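*Asks:* Have a look at this one.
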Amino acid sequence: DLAGRYLGNPPFYLLDALTGSIAVLSSSRLLEKIKTINRDRGVAYLGKKTIPIFVIHKPIVQVLGKQLSRVGIPGVVIVLVSVVVALGISFVAYSIIRRVFPEAFGEAGIHE
């Protein structure tokens with residue numbers, strides 16, 4: 001979406017997708033080789049919570065993006081601010097919802 005929106009060029013869009021995929025796969029391989037990483041924190045935690053956080057995150061990003069664009073903030077700043085703020089809100093919302101209603105995420109009776 002970002003490449004199509006800002007670059008508007010299909011070859012660049014494909015190059016961006018390929019580069020992003022290679023970067024994610026390379027990062028995953030690198031993290032796998034690091035033995036000192038605590039697998040219950042950081043990236044592993046985010047990996048386990050990706051879908052619920054994305055479900056909460058996406059509407060927040062859309063609303064923030066629309067509101068910030070009305071103010072006249074540049075597009076790149078809108079993206080950065082929206083993602084950072086939405087991730088923070090998403091983590092807090094996920095934690096609250098999970099404690100109150102764990103069944104919403106398929107974790108009936110499981111509490112951390």
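The values are calculated or read from the model by the stated rules, or taken from the named source; none is laboratory data. Since we're looking at a predicted model, the values are computed, not measured. Note that we place each Cβ from the backbone using ideal geometry, even for glycine, and neighbour counts take in every protein chain shown. Surface areas here come from the heavy atoms of the whole protein model, side chains and all, with no ligands, DNA or RNA. Shrake-Rupley method; radii C 1.70, N 1.55, O 1.52, S 1.80 Å.
*Asks:* If I ignore ligands, DNA and RNA and count only protein heavy atoms, how much of Val100 is accessible to a 1.4 Å probe, in Å² to the nearest 10?
*Replies:* The value for Val100 is about 120 Å².
*Asks:* Same structure, new question: Near Lys33, which lysines are there with a Cα under 25 Å away, not counting those fewer than 8 places off in the same chain?
*Replies:* Partners found: Lys48, Lys49.
*Asks:* If a paramagnetic tag sat 7 Å from the Cα of Thr19 along the Cα-Cβ line, which residues of the stretch 58-80 would have the backbone N under 20 Å from that point?
*Replies:* 75-80
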